[in-house]
Amino acid sequence: MSLASERQSPTAHAASGSPIIEMTGVNKWFGEFHVLKEIHLAVERKERIVICGPSGSGKSTMIRCINALEEHQRGKIVVDGIELTSNLKNIDAIRREVGMVFQQFNLFPHLTVMENLTLAPIWVRKVPKKEAEETAMYYLERVRIPEQAQKYPGQLSGGQQQRVAIARSLCMKPKIMLFDEPTSALDPEMVKEVLDTMVSLAEEGMTMLCVTHEMGFARTVADRVIFMDFGEIVEQNRPDDFFGNPQSDRLKLFLSQIL
Ligand code: ADP
Ligand code: MG
């Protein structure tokens, strides 16, 4: 990962305009369980955020609230100027802008790679088939597996399947990409090829929120690292300070366990 040396300054991306994502006083409960507590988070355009924290701390729930895969009960979420309410039109508009990649790749096993990539553009976006296929090939080349287009997911390695999942998201031309532990289900030798894909996306200026425990990725790619524990954002900082000078005991403990 050569990114660190090529970047100008850690805040260079945070310069222009209003935040693309704004969470203000967001709270969520699962029944009695208070899973997100007063989340305040503003993400700038092109900003790259890594979110880490213990299992069960609310990381997935927080990013899933951004595209309304989970509903928040209190507070406000605005994505690219659109407020996330129960209004289905708003939810639809926001989902158009936000791509998501999960730990499990969630590809359709009975469809080829090409069909996986063109299904939503053709049927949801009404893109002509030929154009959808050209776009799909473009992104398959970007994730460096154009030769796999006619195969089925089950014929690919885990790392290749995850790159298909990333390409599938990109075919919808999102402004923001959410990653929820995209390398956690992969065999170790496949982690790098997926991280490399994410690095090149970052280099092109995609706004990214990544839940990951890949701290090498966090150090080199993130503008900001966020630590969550028990449903709260406990601490956040530029990577060098986050890792080099943690403030809270909870983050110190967490880092001592994972590094
Ligand atoms: P993380 O991604 O940090 O591991 P999650 O956001 O997945 O954490 O979950 C936070 C907490 O919320 C966990 O205690 C989890 O068991 C609980 N939780 C997650 N999803 C649900 C759900 N659909 N119903 C009830 N509890 C849930
Ligand atoms: Mg999770």
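Tabulated data
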read-out: Residue match in segment 180-199 (condition: within 16 Å of ligand 2 (Cβ to nearest atom), farther than 24 Å from Gly154 by Cβ and aliphatic (A, V, I, L, M)); value: no
read-out: Selected residue [over 25 Å from Phe243 (Cβ atoms), more than 16 Å from ligand 1 (Cβ to nearest atom) and among the charged types (D, E, K, R)] from Lys46, Lys76; value: Lys76
read-out: Conditions (1) more than 18 Å from the chain's Cα centre (by Cα); (2) closer than 23 Å to Arg238 by Cα; (3) not basic (Lys, Arg): number failed by His34; value: (2)
read-out: Among (1) within 16 Å of ligand 1 (Cβ to nearest atom); (2) in contact with an Asp or Glu (Cβ under 9 Å, 6 or more places away or on another chain); (3) farther than 14 Å from Pro174 by Cβ - the single one Ser86 does not satisfy; value: (1)
read-out: Pairs where the first residue, in segment 52-76, is closer than 16 Å to Met177 by Cβ and among the polar types (S, T, N, Q) and the second is modelled with pLDDT of 95 or more and outside any loop (DSSP other than H, G, I, E, B), C-beta under 7 Å, 6+ apart; value: Ser60/Asp180; Ser60/Val211; Asn67/Val98; Asn67/Met100; Asn67/Leu178
read-out: From Thr61, Thr135, residue being closer than 29 Å to Glu193 by Cα, at pLDDT 95 or above and within 16 Å of ligand 1 (Cβ to nearest atom); value: Thr61
read-out: Any hit, segment 82-93, residues being assigned to a strand (DSSP E or B) and either touching a strand residue (DSSP E or B) at 6+ places or on another chain (Cβ under 8 Å) or in contact (Cβ under 8 Å) with a residue 40 or more places away in the chain (or both); value: yes
read-out: Residue within segment 69-79 that is at pLDDT 95 or above, crowded, with 20+ Cβ neighbours inside 10 Å and either over 19 Å from the mean Cα position of the chain (by Cα) or within 16 Å of ligand 2 (Cβ to nearest atom) (or both) present; value: no
read-out: Enumeration of residues in segment 94-124 that are of a type outside the set (Lys, Arg) and either surrounded by fewer than 12 Cβ atoms within 10 Å (Cβ to Cβ) or under 26 Å from Lys37 (Cα atoms) (or both); value: Ile94, Glu97, Val98, Gly99, Met100, Val101, Phe102, Gln103, Pro109, His110, Trp123
read-out: Residue ID - nearest to the chain's Cα centre (by Cα), chosen from residues in segment 151-194 that are more than 22 Å from Val127 (Cβ to Cβ) and of a type in the set (Ser, Thr, Tyr); value: Thr183
read-out: Filter pass, Gly31 being within 16 Å of ligand 1 (Cβ to nearest atom) and either buried (at least 18 other Cβ atoms within 10 Å of the Cβ) or modelled with pLDDT of 95 or more (or both); value: yes
read-out: Residue tally, condition in a helix (DSSP H, G or I), surrounded by fewer than 21 Cβ atoms within 10 Å (Cβ to Cβ) and not aromatic (Phe, Trp, Tyr), over segment 133-152; value: 8
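Here is a yes/no grid of residues against (1) assigned to a helix (DSSP H, G or I); (2) surrounded by fewer than 20 Cβ atoms within 10 Å (Cβ to Cβ):
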| position | (1), (2) |
| --- | --- |
| Gln162 | yes, no |
| Met172 | no, yes |
| Leu186 | no, no |
| Thr197 | yes, no |
| Ala218 | yes, no |
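The values are calculated or read from the model by the stated rules, or taken from the named source; none is laboratory data. Worth saying up front: this structure is predicted, and the values here are computed from it rather than measured. Using ideal geometry, Cβ is built from the backbone for each residue, glycine included, and neighbour counts are taken over all protein chains shown.
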